[in-house]
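The values are calculated or read from the model by the stated rules, or taken from the named source; none is laboratory data. Source: prediction; values computed, not measured. A quick note on method: Cβ atoms are made from the backbone with ideal geometry, for glycine too, and the neighbour counts reach across all protein chains shown.
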2 protein chains.
Amino acid sequence: MKVGILGGGQLGRMLLQAAANYTVETYVMEQDENCPAAHLCHHFIKGNIQDFDAVYNFGKNLDAITIEIEAVNIEALEKLAAEGKRIYPSPSAIKIIKNKIHQKEFYQQHQIPTANFIVTQSLKDVEQHIHFLPAAHKLAEGGYDGKGVQILQSKNDIVNGFNAPAVLEKSVAIKKEIAIIIAVNDNNETAIYPCAEMVFDPVLNLLDYQLSPARIEEKELWKAESIALAVVRNLKSAGLFAVELFIDKNGEVLVNETAPRVHNSGHHTIEANYCSQYDMLWRIILQYPLGNTKSILPSAIVNILGAENYNGKATYEGLNDVLKMDNVFVHLYGKQTTKAGRKMGHVTIMSNDYTDLIHKANKIKHTLKVKA
Amino acid sequence: MKVGILGGGQLGRMLLQAAANYTVETYVMEQDENCPAAHLCHHFIKGNIQDFDAVYNFGKNLDAITIEIEAVNIEALEKLAAEGKRIYPSPSAIKIIKNKIHQKEFYQQHQIPTANFIVTQSLKDVEQHIHFLPAAHKLAEGGYDGKGVQILQSKNDIVNGFNAPAVLEKSVAIKKEIAIIIAVNDNNETAIYPCAEMVFDPVLNLLDYQLSPARIEEKELWKAESIALAVVRNLKSAGLFAVELFIDKNGEVLVNETAPRVHNSGHHTIEANYCSQYDMLWRIILQYPLGNTKSILPSAIVNILGAENYNGKATYEGLNDVLKMDNVFVHLYGKQTTKAGRKMGHVTIMSNDYTDLIHKANKIKHTLKVKA
């Protein structure tokens, strides 16, 4: 079977590592010939995944196509789907999720709990809703990795907002942020991964590390799972989906956002679960049975980000110290250059002991630095 | 760092899956452009790994070279080593192991327990040693996957032997066959994997499945580990080594043979150990610290071999039934054609319960068939 991936970043790289357990023939399209996935596929095609002709020509001789980023040309995928190509996720699901206004309206339409919001077209619109602050202002399209989001605490912050279509989302008193990955196959069978929890640095408001399975109350887990399932069922698409949710101070669960693809919150499944999220997506695409989502051991993920004030050819300080640790798994994405905050790799830690996970996660964060 | 692999089979494929966790730039040389490793490296070079010029030209611009098969041009590797290239394992270690006469003499020279043997140059030589039968006649060079070995029970079998340099090895009353993988880095530090045991089909005398850690007496384990370590220390080479041993009916431990590379007996380490044998070899080559060899859970390996009487484009019967099993990991090597006995893939099973491992191993053997 010939399967194409639109996008050649680290998610594509890890998908291709998993693909080599099967007989699938892989194709990748991406502009950057030195991207993390370029050399791990059978066929690399240099091209713009946002361009209609490029995507259509890439897909027309393949059996199936998947994405590793939402910023792809949907019209080309719709035409390919109409011609009988299998697309994971469906173009209609990408369309809903790609635009934050559509995504929020989708939750509302299906009575899926999510933070209250107002659609704004310009900063003038935002000024009409000062009573709604504090809120997060989220650009409808083109946001990525924290870009395209501004927290507006009060009137004075409005200048930081977006003078373009956006969602103004009322701030929630968050107790915990969690994520649930769900797989859906062509027969509408689903498999739910154990819930993961994000632990944030209270000072920097940056994701510090992630733990899985999450330490949350069973009632909260039930709510979260049923909400995540409702999101995925209503998207009416096969594929792999990551649903990010908030648990608020009252124990209510709200959807934050959904990704219709393999996701940063599922990296640990490579080592820590019987079927990794990457293996699971191949099972869906190749029409094999869904895999076992269970944890083998609890795990943590630490993201390796480019250090502040370093730009250029990446070097990894402290790597040997991390590789010496007993139960850690290092993944570097092979990006040639670093810049502040760029995702350069991740480290998974496995242990039955959450104290050990947290201790090692903190140690790794303070040990491993990407400089230039 | 630029690292080359001589050979592009399944061991190369799995090495390259592991390489993508690091920033190494990979090169593979192999004659067959459709070999399992061809599309997972940065640079594929079509060439004959037994040819001096091909190997020398392949290696001269690299930082380090490793092998996934012993049948390589050693003179070229010696020249490259003399010019400062790092070679894992050293050419001298490959030289000892590649020729079964040298290998047996090496064990003898270092007082390493191994079955008694006689060197034979022709069938006439064998006829001089009828008193030595039953014995295994092993071709000095070029044997592979059971080819190049003939069991000579008595005088009448001698015609099946080799009229070429070979080893006549006295048959041992075997209680169990085991294997130990040992890693050695440039600083002569070593790391020993848990011992694995081979379970043979008593009727077909074929490897049925493998279990790890082995169910053997502690005393036998100590002997086996100290013998395997003696083998590796005397080879005086960094690299990854698989030492295959017999435990005889008296509990004595004898070396069968050694492979100076990643090995079939270590496939399970991908999922079932903190540091896989593939990851370990990269750590050695990239001069990172050695990894943790411990088991996460006990495991079994079932090899997926081409079924008898099928030649041609491979199809996998029963694959869905195996993929439905909860704690199994399927690895297909992507070989386009099958033939009887060809290694087409393997399945790893993980469980705390050896009965579950054995039950599933048998089930997989009877379910998954490679046909054409």
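Determine whether segment A:317-338 contains at least one residue that is among the hydrophobic types (A, V, I, L, M, F, W, C), more than 19 Å from B:ALA20 (Cβ to Cβ) and in contact (Cβ under 8 Å) with a residue 60 or more places away in the chain. Checking segment A:317-338: not a single residue is among the hydrophobic types (A, V, I, L, M, F, W, C), more than 19 Å from B:ALA20 (Cβ to Cβ) and in contact (Cβ under 8 Å) with a residue 60 or more places away in the chain. Restricted to strands (runs of 3 or more DSSP E) entirely inside segment B:1-79, those with at least 1 residues that are aromatic (Phe, Trp, Tyr) and out of contact with any Ser or Thr (no Cβ under 6 Å at 6 or more places or on another chain) are B:25-30, B:43-46. The set of residues from segment A:36-79 being free of Cβ contacts under 8 Å to residues at least 40 places away in the same chain and within 14 Å of chain B (Cβ to nearest Cβ) comprises A:ALA37, A:ALA38, A:HIS39, A:LEU40, A:CYS41, A:HIS42, A:HIS43, A:PHE44, A:ILE45.
Do we find that B:LEU11 is closer than 29 Å to B:ALA164 by Cβ, within 14 Å of another protein chain (Cβ to nearest Cβ) and among the aliphatic types (A, V, I, L, M) in this structure?
Yes; evaluated as a whole, the condition is true for this residue.
The requirement of being surrounded by fewer than 24 Cβ atoms within 10 Å (Cβ to Cβ), under 25 Å from B:ASN187 (Cα atoms), without any contact (Cβ under 8 Å) to a residue 60 or more places away in the chain and within 14 Å of another protein chain (Cβ to nearest Cβ) is fulfilled somewhere in segment B:17-24, by at least one residue.
Go through segment B:282-312 and give me each residue that's under 22 Å from the mean Cα position of the chain (by Cα), assigned to a loop (DSSP other than H, G, I, E, B) and more than 10 Å from chain A (Cβ to nearest Cβ). Correct list: B:THR293, B:PRO298, B:ALA307. Residues satisfying the criterion are absent from segment A:237-255 (criterion: within 14 Å of chain B (Cβ to nearest Cβ), of a type in the set (Val, Ile, Thr) and out of contact with any Cys (no Cβ under 7 Å at 6 or more places or on another chain)).
Restricting the first member to segment A:268-288 and to residues that are within 16 Å of A:TYR22 (Cα to Cα) and among the small types (Gly, Ala, Ser), and the second to residues that are crowded, with 24+ Cβ neighbours inside 10 Å and at pLDDT 95 or above, the beta-carbon pairs closer than 8 Å and six or more apart or on different chains are A:SER276/A:GLY266; A:SER276/A:THR269.
Does segment A:299-312 include one or more residues that are among the polar types (S, T, N, Q), under 25 Å from A:GLU33 (Cα atoms) and free of Cβ contacts under 8 Å to residues at least 60 places away in the same chain? Scanning segment A:299-312 turns up no residue that is among the polar types (S, T, N, Q), under 25 Å from A:GLU33 (Cα atoms) and free of Cβ contacts under 8 Å to residues at least 60 places away in the same chain. Of the listed requirements (1) hydrophobic (A, V, I, L, M, F, W, C); (2) more than 21 Å from B:THR114 (Cβ to Cβ); (3) over 19 Å from the mean Cα position of the chain (by Cα), B:LEU133 misses just one: (2). Looking only at segment B:292-313, residues that are out of contact with any Phe, Trp or Tyr (no Cβ under 9 Å at 6 or more places or on another chain) and charged (D, E, K, R) come to 2 in all. With respect to B:VAL262, is the statement that it is in contact with a Phe, Trp or Tyr (Cβ under 7 Å, 6 or more places away or on another chain), in a loop (DSSP other than H, G, I, E, B) and either farther than 18 Å from B:ASN188 by Cα or modelled with pLDDT of 95 or more (or both) true? It is true that B:VAL262 is in contact with a Phe, Trp or Tyr (Cβ under 7 Å, 6 or more places away or on another chain), in a loop (DSSP other than H, G, I, E, B) and either farther than 18 Å from B:ASN188 by Cα or modelled with pLDDT of 95 or more (or both). If you go through segment B:313-359 and pick out every residue that is part of a helix (DSSP H, G or I) and either within 21 Å of A:ALA272 (Cβ to Cβ) or outside the structural domain of B:SER299 (by TED's automatic domain parsing) (or both), you end up with 3.
Among the candidates A:SER237, A:SER171, which residue alone is surrounded by 18 or more Cβ atoms within 10 Å (Cβ to Cβ), under 28 Å from A:ASN99 (Cβ atoms) and not hydrophobic (A, V, I, L, M, F, W, C)? Spell out the reasoning first.
Values: A:SER171 fails: surrounded by 18 or more Cβ atoms within 10 Å (Cβ to Cβ).
Just a single option satisfies the conditions, and that option is A:SER237.
The set of residues in segment A:137-157 that are buried (at least 19 other Cβ atoms within 10 Å of the Cβ) and of a type in the set (A, V, I, L, M) comprises A:LEU139, A:ALA140, A:LEU152.
When the criteria are applied in full, A:ALA214 fails the requirement of being touching a residue at least 40 places away in the same chain (Cβ under 8 Å) and of a type in the set (A, V, I, L, M, F, W, C). Scanning segment B:187-218 for residues that are modelled with pLDDT under 95 and not in a strand (DSSP E or B) turns up B:ASP201, B:PRO202, B:VAL203, B:LEU204, B:ASN205, B:LEU206. Just one of the listed residues (A:LYS46, A:LYS60, A:LYS79, A:LYS100) is of a type in the set (Lys, Arg) and surrounded by 18 or more Cβ atoms within 10 Å (Cβ to Cβ), and it is A:LYS100. Reported count of residues in segment A:25-35, each being within 21 Å of the chain's Cα centre (by Cα) and either at pLDDT below 95 or at the interface with chain B (Cβ under 9 Å from one of its Cβ atoms) (or both), is 0. The single condition from (1) touching a strand residue (DSSP E or B) at 6+ places or on another chain (Cβ under 7 Å); (2) buried (at least 23 other Cβ atoms within 10 Å of the Cβ) that A:HIS263 fails is (2).
For segment A:316-369, taking the residues that are surrounded by fewer than 17 Cβ atoms within 10 Å (Cβ to Cβ) and within 11 Å of chain B (Cβ to nearest Cβ), the one that is farthest from A:GLN210 (Cα to Cα) is identified as A:GLN336.
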